[in-house]
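Report on the following structure.
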Amino acid sequence: MKKALSGDPDAQYELGLRYETGAWGVEQDGKTAVLWLTRAAEGGHRLAMQALAHIHEKGLFGVPPDVATARAWNEKLRADNDAAHSRSTLRTP
């Protein structure tokens with residue numbers, strides 16, 4: 001929780017998963033899961049972006065289905081993947 005509150009996207013993602021599933025002694029709470037996944041995704045966490053796209057597409061955890069928001073998260077994920085690929089230092093001869 002301390003790391004998540006300090007802005008660590010990995011910790012925010014993990015906390016979101018714990019609230020989603022009720023793991024590690026955290027009471028299951030879909031609304032709080034979406035909040036933490038959103039913070040992680042906004043911090044650049046790709047798995048959180050993917051999870052949010054799915055949540056919005058299917059209308060999970062009290063979030064109404066929203067194809068436009070799902071598409072926006074998928075596009076952000078794709079753009080982030082493209083940017084990571086272009087930063088790669090691996091070069092082929």
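Okay, here's what the table says:
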read-out: Highest to lowest packing among 35-43, 4-12, 56-64, 21-29, scored as the average C-beta count within 10 Å; value: 35-43, 4-12, 56-64, 21-29
read-out: Within-13-Å neighbourhood charge of D66 [Cβ basis; K, R +1; D, E -1]; value: +1
read-out: More than 15 Å apart - percent of Cα-Cα pairs taken over the chain; value: 61
read-out: Relative contact order, percent, the chain [alpha-carbon distance under 8 Å, six or more residues apart]; value: 19
read-out: Tilt relative to the chain, helix 9-21 - C-alpha long axis, 0 to 90 degrees, to 10; value: 40
read-out: H54, H45, ranked by accessible area, largest first (probe 1.4 Å); value: H54, H45
read-out: Degrees, to the nearest 10: 30-42 long Cα axis against longest axis of the chain; value: 20
read-out: Cα shape, region 32-77, gyration tensor, a/c 1.5 rule; value: oblate
read-out: Residue-wise HN-Hα coupling along region 65-72, computed from phi with Karplus coefficients 6.51, -1.76, 1.60 (Hz; x: Gly, Pro); value: x, 8, 4, 5, 5, 4, 4, 4
read-out: The chain: angle of helix 46-58 to the longest principal axis, Cα-based, in degrees nearest 10; value: 60
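The values are calculated or read from the model by the stated rules, or taken from the named source; none is laboratory data. In this text the structure is predicted, and so the values were computed from the model without any measurement. Don't worry about glycine lacking a Cβ; one is built from the backbone with ideal geometry, like all the others, and counts go over all protein chains shown. Only protein heavy atoms, including side chains, enter the accessible area calculation; ligands, DNA and RNA are left aside. Shrake-Rupley method; radii C 1.70, N 1.55, O 1.52, S 1.80 Å.
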